[in-house]
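One structure below.
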Amino acid sequence: MHRAAVMPAPHAPIEVREFTSPELADGEALLETTYSEVCGTDVHLYHGRLSGVPYPIIPGHVSVGRVAKLRGRHTSIDGEPIREGDAVAFLDVHGTCHRCYACLVAKQTTRCPHRRVYGVTYGARDGLLGGWSEVIWMRQGVHMLPLPPGLTAETYIGGGCGLVTATHAVERADVRLGQSVAVLGVGPVGLSAVALSSLSGAEQVIAVGSPAPRLAFATRMGATHTLGLDIPAEERAATVRSLTGGHGVDVVIEASGSPEAVTQGLDLVRDGGRVVIAGHYTDNGPVALNAHTHVNRKHVEIHGCWGADYSHFYRALRLAARFGDRVPWASMVSGRYPLEQCGAALAAVQEQTTIKAIIAPNPV
Ligand SMILES: [Zn+2]
Ligand SMILES: [Zn+2]
């Protein structure tokens, strides 16, 4: 039997339940969970803000673990053999079909309707398919990646979902050497977007957000300037203009989920610049914008950014290994919780009293 924390329904207290061990089919594996995380998405799940979620669920979509059991031959995407005892991570998205219109014609695999997500669209009835659990069942088709030498589980999970999402967002932003970037929102996605923009060679990275401890952390991640939400929006925009020769920033990455941030992003970006919207994973309502002044005359590009694919996960893992000593992803973890305290971990993330809460289902 294995213990896992279950979210029975929206707003219902998290409870620990016991599950039988899955029968592994050929090509499957069982991970002993080292860490999982509490992502902003888990807060949305708790409030029932995502559609099509098969409650009860075992939350925890980004996790890292040790291979406890393998059936059949497993290799990484690089052809490396995976063995029992290896520390591995995996992409939470499973079952992308590579057969549908989204996959083959539009080539937007993150919009494949067949994809399932560990800890989000798999239910507890489907088995141990979430990270808030002593073990995680690696179904057929899940490609595990061994942690590269030097990458600790703490650094990987400190980056976690936010790092993978930010890898995609910064790719969509196409940050060029010497450019200026404003990142709106200083949660885990925004903080990693600050770090990756800086690593991409941005000359200025301006972080905008709250609360104060998260904003202060943005400086450690590579922000050259920070602007709190206590400063009126007009004043923030004036500061950004004065930092950029009166033009506005080349790139805005929105990672806050606030509708006003989209309008603010369009105010901050220069003519012909680019705005990437990555924070609106749930429907937070419409935004007011002026098509003439914000978009048409400004000649801006607005890019959506939905989910992440294997390439983002793969590169995020390598980035964490390469730059983990320079970018304090591991220090973003400010709360570590056993399975019995997943409810408290969720509350800490919701109340933003922590930057990053992680779940440690097994003694480390
Ligand atoms: Zn598909
Ligand atoms: Zn997430």
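The values are calculated or read from the model by the stated rules, or taken from the named source; none is laboratory data. Keep in mind the model is a prediction, meaning the values are calculated, not measured. Methodologically, a virtual Cβ is constructed for each residue, glycine included, from the backbone with ideal geometry; neighbour enumeration extends over all protein chains shown. Please note that ligands, DNA and RNA were not included when accessible areas were found on the heavy atoms of the full protein model with its side chains. Shrake-Rupley method; radii C 1.70, N 1.55, O 1.52, S 1.80 Å.
Tabulated values for the structure
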quantity	calculated
Cross-link reach list, aspartates and glutamates versus residue 356, counting only Cα pairs under 16 Å and skipping chain neighbours closer than eight places	37, 42, 154
Contact order relative to length of the chain, as percent, for alpha carbon pairs under 8 angstrom and 6 or more apart	19 percent
Residue-by-residue Karplus 3J(HN,Hα) for the stretch 184-192, coefficients 6.51, -1.76, 1.60, Hz, glycine and proline x	9, x, 10, x, x, 5, x, 5, 5
Highest average packing first - 241-247, 259-265, 139-145, Cβ atoms within 10 Å	259-265, 139-145, 241-247
The stretch 253-269 - phi-based ³J(HN,Hα) in whole Hz, Karplus 6.51/-1.76/1.60, Gly and Pro as x	10, 8, 9, 10, x, 8, x, 4, 5, 5, 5, 4, x, 5, 6, 7, 6
Amide proton proximity set for residue 174, modelled H, under 5 Å, gap of 5+	none
Anchor residue 69: aspartates and glutamates whose Cα lies under 20 Å away (excluding residues fewer than 8 positions away in-chain)	18, 23, 26, 28, 32, 80, 84, 86, 92, 126, 134
The stretch 84-211: relative contact order in percent, alpha carbon pairs under 8 Å with at least 6 residues between	19 percent
Gained length - residue 331 relative to residue 225, 0.36 nm times residue gap less alpha-carbon distance	36.1 nm
Rounded percent of accessible protein surface that carbon and sulfur make up, the stretch 290-364, 1.4 Å probe	51 percent
DSSP bridge pairs, the chain: antiparallel proportion in percent, nearest 5	55 percent
Label point 7 Å beyond Cα of residue 108 along Cβ direction - residues of the stretch 160-176 with amide nitrogen under 12 Å	none
Cleavage-rule hits (trypsin sites (Lys or Arg not before Pro)) in the stretch 311-364: DSSP loop, at most 14 neighbouring Cβ within 10 angstrom	326
Whole-Å distance, taken between Cα centres, linking the stretch 289-364 and the stretch 1-51	19 Å
Taking the convex hull of Cα positions in the chain, its mean projected area over all directions (nm²)	17.4 nm²
Packing rank of 157-164, 298-305, where each peptide gets the mean count of other beta carbons within 10 Å, highest leading	157-164, 298-305
Sites residue 203 and residue 75, calculated FRET efficiency, Cβ-Cβ separation with R0 51 Å, nearest 0.05	0.80
Residues whose placed amide H lies under 5 Å from that of residue 86, excluding near-sequence neighbours	67
Of all accessible heavy-atom area on the stretch 1-122, the percent that carbon and sulfur account for (1.4 Å)	48 percent
Average accessible surface area per residue within the stretch 103-250, 1.4 Å rolling probe, Å²	38 Å²
Cα gyration tensor category, rounded, prolate or oblate, for the stretch 48-112 with a/c compared to 1.5	oblate
Kirkwood Rh (inverse of mean 1/r, distinct Cα pairs), the stretch 228-337, angstrom	16.1 Å
Cα gyration tensor shape for the stretch 32-175, rounded if a/c is under 1.5, else prolate or oblate	rounded
The stretch 144-200, accessible surface, carbon-and-sulfur percent (1.4 angstrom probe)	53 percent
Cα gyration tensor shape for the stretch 229-285, rounded if a/c is under 1.5, else prolate or oblate	oblate
Computed lengthening from residue 83 to residue 282, 0.36 nm per intervening residue step minus Cα-Cα distance	67.8 nm
Distant-in-sequence amide H partners of residue 300 (H built 1.01 Å from N, under 5 Å)	272
Protection proxy ranking, peptides 147-153, 339-345, average beta carbon neighbours within 10 Å, highest first	339-345, 147-153
